[in-house]
Every structure is written in C-alpha cells, then in structure tokens.
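Engineer: Got a structure here, written out as structure tokens. Questions coming.
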Number of protein chains: 2
Amino acid sequence: MKKPAITQVPIDGTISNRWSGRAYDAGKAVSRDQIIALLEAARWAPSCFGDQPWRFIVWDRATDAAAWQKAFDCLVPGNQAWVKDAPLLFLAAADSLFNHNGKENRWGQYDTGAAAENLCLQATAMGLMAHQMGGFDAEKTREVFGIPQQYSLMAMIAVGYPADIGTLNGEALERETAPRSRRPLGELFFNGTWGKPAA
Amino acid sequence: MKKPAITQVPIDGTISNRWSGRAYDAGKAVSRDQIIALLEAARWAPSCFGDQPWRFIVWDRATDAAAWQKAFDCLVPGNQAWVKDAPLLFLAAADSLFNHNGKENRWGQYDTGAAAENLCLQATAMGLMAHQMGGFDAEKTREVFGIPQQYSLMAMIAVGYPADIGTLNGEALERETAPRSRRPLGELFFNGTWGKPAA
C-alpha cells in the first residue's frame, strides 16, 4: 500500500513516500547491508557542533530473536498488535550532554530526531517501511538494556518490508486505510514574522 | 563544491549529498514554488500522535529584505560572515505542548528536528544547500518576532544555491574545505543492547 503525501507542489519522492504504515511482511528478511545503510543514513545527519548526540540500538529478529523479543516486550499493547511482524526494531536515544565539553546539549533531542528521520527515509528509499513509536515503556527499556540516565529514550522504530493490509485487523486496519492528513501550511509555517501564514 | 558522505554501503543520494556548506550564491533566486516545496517537505514529517509540533518562519530576502535583515541581525557574527549571501532564512521552533490536549509534549523538539531535516533534504534534492545554525540569539529572536514562550527556538536555517568557495575567506573557507567526518558507527549504533558496537 502506498499513501504519498498530498502537496501543493511536487517534493522529493522519498520524502513523499515515507509513511508510517503498520502492515509488515514477517517472512521477508532485511539484509545486513540494508541495516548498515539505515545506520549510515542516521550517522550522516547534521548536528549542533557536529556533536552527533544520537545513539541507536538495533534489534534484528533474524540474528537475535531473544533480544528482539525483549525490545518488543517494552512496547505498549496497541503497538505490539502490529509490530509483531516487523523483523527490525530500533531505539533512538538522545544524549543530554555535549560530547566535546560535557555541558548540557539543548539540541540533543532535536538532532536525534533528524538522525531518526534519515533512517526512516533511507528505509523508504530501499523499499522498506519505518514506523516510529512513542508508545513504549521508557523506564523498563532503560532498565532491561542498561541505558545510562544521561540519554533520553525518544522512540522505538519498527522497520521491515510492507505487506498486504490483509494482515491487519481492528484498529490497526482502520488506521492503515484512513487518509493521510496534515494541518494547513499556513498554521505551521509563517512568512516574515510569527503567526502570519506563509501560504 | 560537493562533499558526499563517506559510507560503508551506498545510501540514498539526497541524504548522502546533504551538506552544511557556507558558500551561497547571492545572485541566484529561489522561486516561490521552491519555497513551498521546502515547507511541504517539513510539513509531511512524522510526529508523535501526528501532533506536528514544528513551527517555521521563513524570511525571503527577495520579497521582504527588511524582515530578512532583522532575522540576520539575530545571528552570531561568526555565522553572519557567510550567511550574508543566503537568500532565505528559516527559524525552526518546537511546541512544548501537545496541540490535541495542551499537555507537555516530550517529543516536540525531536519531531521538529525531523521536520527541519526534511526541509534540508528537500533543499538538496532541488540543487539548493541548507545549513542549520544553533548560533543565534534566541531571546532577541523571540522578542523581535513576538514568539510565545510555549515554543522553543531550535535553529536558524540558511538556504540558497551553492556558490564557488572563492566567495569565502578566513575561518569559513577553512571549514568549507575540511574533510567531512563522523564518529565510527560502532560508537553510536549498538547491536541488541546498550554499548555493544553494531558494526
């Protein structure tokens, strides 16, 4: 299923086709090179002072099913319902301190969001689908995987090949078939000063 | 000047070619449709609960030089030295509250980073160059443009066509010609648990 963004003018196809679907193909493996490509895309995101405050854990069901299961068990039930078929899970975490001087990095989460978006776009570019989730137990995840307090746990990300929506049911199916939507441009983008619609 | 990312495996060309250069072509205009494309790319980023916590101001020197100048005056001198030739400036701001229920949105900055990265990648896809900056006076910017306290001012972004590096000198030229670098994959990306290098 493809649900490209609805835009006033054409935009880059990878950005347009990135979509957080829920129907994953449990039988179609993601290769080691594809995983490295996802990480490289995240790695080359921009960051304040080039500090690279993002940290990711990758769980690959094909090579370590037990670790994947531990990560899966940290998701809320509503997400588990559809993530069950995704071969890869990622955690995106943000360093709250600058690497170069140990002081507070107020761009840590912002830059980590950029790195995660690069990962999702790289997935799209390879015919995969990535879906970020805030719905997981961050404290449990921190404990299970021994993540220091210095890092904020931002999102879990499911990645895999898309499957036919016939693999879904209930709320996940409803959400999958609903039209994509965004707020009007003029509510979020301003021209020259705050609050004046840009388009 | 092109400085593609150095990666173990090939990645999407737009992600690879995105680079925060400093040499802008002051004489080459960015069209209205290109500006809309930049905003649309940001607009279609993913966000927690689909809340779209990002807000952007765009300053287009070609249509409102006075407003562009006010934004430029908020940058630190080290950035002004090269931003002077960029026809477009943007501010990326993050809502600290959810739109749907008014409660704290702990993903506001993370999601805004994704939207800004989409904008930068869309610029790259159109042959433009985008460079994000943390080096600006956030309090002054908030006052000059009347930005409510609810929004965190994350980055200013310069956008325009790249120019020959002969337009730069001093520190900006040095930085422009330095090789790109990132920390090794294994320092930032972990396999199955925290701290175990993924590659």
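Engineer: Can you list, shortest first and in nm, the gaps between the label point of B:Ser181 and those of its counterparts in the other copies, using a point 7 Å from Cα in the C-beta direction?
Structural biologist: 5.0
Engineer: Could you pull the copy-to-copy label distances for A:Lys28, with points set 7 Å along Cα to Cβ, in nm to one decimal and sorted shortest first?
Structural biologist: So the distances to the same position in the other copies read 3.8 nm.
Engineer: What does the convex hull of the alpha-carbon atoms of the protein assembly as shown project to on average, in nm²?
Structural biologist: Taking the Cα atoms of the protein assembly as shown, their convex hull projects to 17.8 nm² on average.
Engineer: Then there's this: Can you pull the one-decimal nm distance between simple spin-label points at A:Leu173 and A:Leu97, each 7 Å off the Cα toward Cβ?
Structural biologist: Using points 7 Å along Cα→Cβ, the separation is 5.1 nm.
Engineer: Still on this structure, please answer the following. In a shell of Cβ-Cβ distance under 10 Å around A:Ala94, excluding A:Ala94 itself, what net charge do Lys and Arg (+1) and Asp and Glu (-1) give?
Structural biologist: -1
Engineer: Got a sec? Charge dipole of chain B, +1 on Cβ for Lys and Arg, -1 for Asp and Glu; which of B:Ala199, B:Cys74, B:Ala26 is way out at the positive end?
Structural biologist: Towards the positive end, the residue furthest out is B:Ala199.
Engineer: With a sphere of radius 12 Å drawn around the Cβ of A:Pro46, what net charge do the other residues whose Cβ falls strictly inside it have (Lys, Arg +1; Asp, Glu -1)?
Structural biologist: Every neighbour counted, the sum reads 0.
Engineer: Using Cα-Cα distances under 8 Å and only pairs 6 or more residues apart, what relative contact order does chain A have, in percent?
Structural biologist: With pairs under 8 Å counted, the relative contact order is 29 percent.
Engineer: In whole angstrom, how far apart do the alpha carbon centroids of segment B:57-87 and segment A:96-157 sit?
Structural biologist: What the calculation gives is 32 Å, centre to centre.
Engineer: Here's something else I'd like to know. In a shell of Cβ-Cβ distance under 12 Å around A:Gly192, excluding A:Gly192 itself, what net charge do Lys and Arg (+1) and Asp and Glu (-1) give?
Structural biologist: +1
Engineer: With a 10 Å radius around each residue's Cβ, average the other Cβ atoms per peptide and rank A:11-20, B:186-195, A:87-96, highest first.
Structural biologist: Highest-to-lowest ranking by the protection proxy: A:87-96, A:11-20, B:186-195.
Engineer: To the nearest 500 deg cm²/dmol, what mean residue ellipticity at 222 nm is calculated for chain A from DSSP H runs of n ≥ 4 alone, each contributing -39,500 (n - 2.57), summed and divided by the residues?
Structural biologist: Taken over chain A, the calculation gives -10000 deg cm²/dmol.
Engineer: Something else about it: Taking a spot 7 Å from the Cα of A:Gln69 along the direction of its beta carbon, which residues of segment A:116-158 have an amide N less than 17 Å from it?
Structural biologist: In segment A:116-158, the label zone of A:Gln69 (backbone N under 17 Å from the point 7 Å along Cα→Cβ) covers A:144-145.
Since every read-out is calculated from the coordinates, none of them should be taken as a lab result. Remember, it's a predicted structure, so these values are computed and weren't measured experimentally. Please note: Cβ atoms are built from the backbone with ideal geometry, for glycine as well, and neighbour counts cover all protein chains shown.
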